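Working notes for the structure below.
The values are calculated or read from the model by the stated rules, or taken from the named source; none is laboratory data. On a predicted model such as this, the values are computed, not experimentally measured, just so you know. Positions of Cβ are backbone-derived with ideal geometry, glycine not excepted, and every protein chain shown enters the neighbour counts.
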Amino acid sequence: MTRITSRIHSIDGLDHPFGIGIVPYVVEEGPRNLTLVDTCFVVEVPKLVAQLREEGYDITDVKRLVLTHTHVDHVQAANEVKRISGAEIYSHWSEAGYLKGDPAYHGPPTHNAIESILSKLGISSEEVAKKYGSLARDPVLVDHQLRDGDRVGKLVVVHTPGHTPGHISLFSEEDGAIIGGDFLFKGVLGFDGLFVPDSSLSIDPIVAAVSARRISQLKFDKLLLAHQDAPLLGATAPERVEQAAAVTLNSSSTKAAASHVPVSGH
């Protein structure tokens, strides 16, 4: 674990089939009173538990588990973490049905998109199955459904749709920190810096970019993402988020304009 602030730690070194890692975060609300933001794949749970123990915590200190969105890499271990910790599960109200599997979530990444990414990385499906088992997940029952502006402890819920419909980020004004899940990626999948995950991973990248623009209006100097080469730290963090949003929004505007250019001679 890495201490980001006096209250916030990242859980590092958890593996992901795409080689991009998955970073859950632990927020201290008091002695033996932790909020865990997102989980990982089930096979990685022993690493998560060990990192907590190394910092003097026990998994039973996790009282709340906040899921930023329904994608399997963030939630596959949710039921196991709840079983061994007793934590209650929180998500945005519009993700709760997807997490339960009623209705089923049909947004990206599709099976073909996953296979394409693995192929580009030179990783076979057999290798993934050997290490992770199934990439499916069991239904997850949400104990507390959240809305924009709600609080979980001292964390403020910010609805940041686009990656999925009910994706949320969490804002700690006290720490000047955004725990952002997947509303942006940083320095992974062969890209430098911050970027909005494209349509192979996000149900609506334009909406995700608008969500990023909303986040950029908040006062923070720590951006903590689930898929990152390192946290984004410093006073320029909001500006960097706005720049990432602008790339996607400007690209969309350019494509839209090009689609309306009249053909010569008509």
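Of the residues making up the range 98-119, one or more are under 30 Å from Arg32 (Cα atoms) and either surrounded by 20 or more Cβ atoms within 10 Å (Cβ to Cβ) or of a type outside the set (A, V, I, L, M, F, W, C) (or both).
Residues are listed down the side, and each one gets a yes or a no for (1) in a loop (DSSP other than H, G, I, E, B); (2) of a type in the set (Phe, Trp, Tyr); (3) within 19 Å of Ser94 (Cα to Cα); (4) at pLDDT 95 or above:
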position	(1), (2), (3), (4)
Pro161	yes, no, yes, yes
Ile178	no, no, no, yes
Leu201	yes, no, yes, yes
Lys219	yes, no, no, yes
Gln243	no, no, no, yes
Val247	no, no, no, yes
His266	yes, no, no, no
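Among the residues examined, Ser134 qualifies as loosely packed, with under 13 Cβ neighbours inside 10 Å and of a type in the set (S, T, N, Q). Ile206 meets each of the listed conditions (1) part of a loop (DSSP other than H, G, I, E, B); (2) at pLDDT 95 or above; (3) not charged (D, E, K, R) apart from (1). When residues in the range 221-235 are screened for being in a loop (DSSP other than H, G, I, E, B), more than 25 Å from Val72 (Cβ to Cβ) and out of contact with any helix residue (DSSP H, G or I) (no Cβ under 9 Å at 6 or more places or on another chain), 1 of them pass. Scanning the range 1-53 for residues that are part of a helix (DSSP H, G or I) and under 25 Å from Ser119 (Cα atoms) gives Val42, Val43, Glu44. Selection of the range 60-112 for residues being among the β-branched types (Val, Ile, Thr), in contact with a Phe, Trp or Tyr (Cβ under 9 Å, 6 or more places away or on another chain) and in a loop (DSSP other than H, G, I, E, B) yields Thr68, Thr70.
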